[in-house]
Amino acid sequence: AIDHLVFDFAHKYGLIGIRSEESRLLDMLKRQFPLVAEYIERVEEEHLKYLSTEEDRRQAAHVISHTIRVAVITYLMSVKAYVPPEHREVLMLSALYHDIGKMDPEILKVIDIPGRLDRQQIGIVSRHEQLSYDRVIKMISDGLYQPVDTDTAEQAAVLKEKRDMLTALMGEKGRQGGIIAQYQLIVWFADMLDSQVDAGRRYILHGDMVT
């Protein structure tokens, strides 16, 4: 059961609410999943340099730290849930990029507001899921999980499975079935775990911390 995974793994390993350890955690993921190594590089090149204020950069750094912790918790839970090794990298990428849409300057300003958000602010924050999805789709079109000329038909088929899985994982929650729904639930629980104890997270939606 997912609640068993939560308490047996996340709390046991003390990963909830980690501060100032994200780089070490990211290094751990890099050793397991080579594609994860590109994460910070992509974020720094394509997002942080476009943020004009110190406040935006501060809040963006907090978003990045959160996604790294979510990815690590997702990894631990995926091991405990016996997710096949060939699927874990895809889960890592979906966890790392699940909030990339919040790097939008307008959204960063809203998520820095303490307390309950109003309807207009909720609408602004809600855009981040589509923005995150669009970002990952662009990565795929730019070459992520795309075969090269030297790949065999079997290798190309594996890459297609990963492309399709990542696209589905980044899609709207609640509309997927089967294994994709289960994988989305793992990432969602990891996200909620870190969000609920994240002292740097200031905004509230519907009385609960939103993801």
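The values are calculated or read from the model by the stated rules, or taken from the named source; none is laboratory data. Note that the coordinates shown come from a computational prediction; the quantities given were computed from them, not determined experimentally. In this analysis, Cβ positions are derived from the backbone assuming ideal geometry, glycine residues included, and neighbour counts consider all displayed protein chains. The protein model used for the area step is the full one, side chains on, heavy atoms only, and it has no ligands, DNA or RNA in it. Shrake-Rupley method; radii C 1.70, N 1.55, O 1.52, S 1.80 Å.
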Point to revise | Relative packing of peptides 79-92, 101-114, 118-131 - highest average C-beta neighbours within 10 Å first | key: 101-114, 79-92, 118-131
Exercise for review: Over region 59-190, with every protein chain in place, what whole percent of the accessible area is carbon and sulfur at 1.4 Å, could you tell me?
Suggested key: 56 percent
Check your understanding: What pairs in K30/K102; K109/K162; K30/K80; K80/K138; K30/K109 have C-alpha atoms more than 25 Å from each other?
Key -> K109/K162; K80/K138; K30/K109
